[in-house]
Amino acid sequence: VIAGDGCTADIGLQSLSSAAESNEPIIWINYDNEAYMNTGIQRSGTTPLNAWTTTTPAGVKWHGKKEEPKDMISIMIAHRIPYIATASPSFLRDFESKIKKAMKVVEKAEGLAYIHIQSPCPTGWRFPESKTVEIGRLATLTGVWPLLEVDHGTFKLNLKPRKLKPVAEYIRLQGRFRHLNDEDIAMIQKFINKRWEKLLELDGKIMW
């Protein structure tokens, strides 16, 4: 199954949860560009906090989306399926490795494998196409999109920078965040730092 963030995290979550609960031997790839891009750039459950979309405008009263994105990895961990991972087209070797692991899980009929891919969208995120790979890399190097996997219950961070780059380097390249001021960005940085510390604590741990 290859489905977008809307189909996976919102309108299709019931189907995904049902397949995961019964541990169907399928690979579910969440192709996440963080909004309903093919219908007009409307917000989805995985749209980032404060991001502009056509249904979360940015202005005097609104600063983009008011809610934090849905944590799909935690939701899938709760289902205790054999393989869960995040991936990025900007890190192809990691991406390829995770696809192969997911295929082995299904070939052995062990159950469902879930891979959540961040896919930067030039149109919806408002950046030049030439910046696509750079933005994908910055998402990981700033801690916005950590590369991780939960392989048969064992949590692993696949890329651990010695020091995360400032999240502003990622945000400033995207028009969907151009309404944010320094204070807004500082709040996002605080959230990223706190989440990164939790991920470091989980690295190597058995989740179930």
Scanning the range 180-193 for residues that are touching a helix residue (DSSP H, G or I) at 6+ places or on another chain (Cβ under 7 Å) and loosely packed, with under 13 Cβ neighbours inside 10 Å gives none
In the set Thr123, Thr142, the lone residue that is in contact (Cβ under 8 Å) with a residue 24 or more places away in the chain, touching a Lys or Arg at 6+ places or on another chain (Cβ under 8 Å) and not hydrophobic (A, V, I, L, M, F, W, C) is Thr142
Check on Val133, out of contact with any Lys or Arg (no Cβ under 8 Å at 6 or more places or on another chain), more than 18 Å from Leu157 (Cβ to Cβ) and either of a type in the set (Gly, Ala, Ser) or touching a residue at least 60 places away in the same chain (Cβ under 8 Å) (or both): no
Which count do you get for residues in the range 74-98 that are among the hydroxyl-bearing types (Ser, Thr, Tyr) and either touching a residue at least 40 places away in the same chain (Cβ under 8 Å) or touching a Leu at 6+ places or on another chain (Cβ under 6 Å) (or both)? 4
Single unsatisfied condition, Lys108 versus (1) surrounded by fewer than 20 Cβ atoms within 10 Å (Cβ to Cβ); (2) under 17 Å from the mean Cα position of the chain (by Cα); (3) charged (D, E, K, R): (2)
Where residues in the range 18-39 are part of a loop (DSSP other than H, G, I, E, B) and of a type outside the set (Asp, Glu), which of them is nearest to Pro69 (Cα to Cα)? Ala35
Could you identify the single residue in Ala113, Ala85, Ala109, Ala139 that is among the small types (Gly, Ala, Ser) and closer than 16 Å to Ile171 by Cα? Ala139
Take Lys160 and decide whether it is farther than 30 Å from Gly111 by Cβ and of a type outside the set (Asp, Glu). no
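Any idea which of Ser15, Ser44 is modelled with pLDDT of 95 or more, assigned to a loop (DSSP other than H, G, I, E, B) and of a type in the set (Ser, Thr, Tyr)?
Answer to the check: Ser44.
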Options Ser22, Ser44, Ser119, Ser74; residue that is of a type in the set (S, T, N, Q) and touching a helix residue (DSSP H, G or I) at 6+ places or on another chain (Cβ under 7 Å): Ser44
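Scan the range 165-179 for residues that are part of a helix (DSSP H, G or I) and either without any contact (Cβ under 8 Å) to a residue 12 or more places away in the chain or surrounded by fewer than 17 Cβ atoms within 10 Å (Cβ to Cβ) (or both) and jot them down.
Narrowing the range 165-179 to residues part of a helix (DSSP H, G or I): 167-171, 175-177.
Answer for the range 165-179, where residues must be part of a helix (DSSP H, G or I) and either without any contact (Cβ under 8 Å) to a residue 12 or more places away in the chain or surrounded by fewer than 17 Cβ atoms within 10 Å (Cβ to Cβ) (or both): Ala168, Glu169, Gly175.
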For Phe127, only one of the following conditions fails: (1) in a loop (DSSP other than H, G, I, E, B); (2) closer than 29 Å to Met37 by Cα; (3) of a type outside the set (A, V, I, L, M); (4) at pLDDT below 95. What is its number? (4)
Leading residue by the ranking (surrounded by the fewest Cβ atoms within 10 Å (Cβ to Cβ)) among those in the range 130-158 that are within 17 Å of the chain's Cα centre (by Cα) and part of a loop (DSSP other than H, G, I, E, B): Asn158
Single match in Met76, Met37, Met72 (criterion: buried (at least 17 other Cβ atoms within 10 Å of the Cβ), among the hydrophobic types (A, V, I, L, M, F, W, C) and closer than 24 Å to Pro161 by Cβ): Met72
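The values are calculated or read from the model by the stated rules, or taken from the named source; none is laboratory data. Remember, predicted model here, so these are calculated numbers, not experimental data. Every residue, glycine as well, gets a Cβ built from its backbone with ideal geometry; the counts of neighbours run over all protein chains shown.
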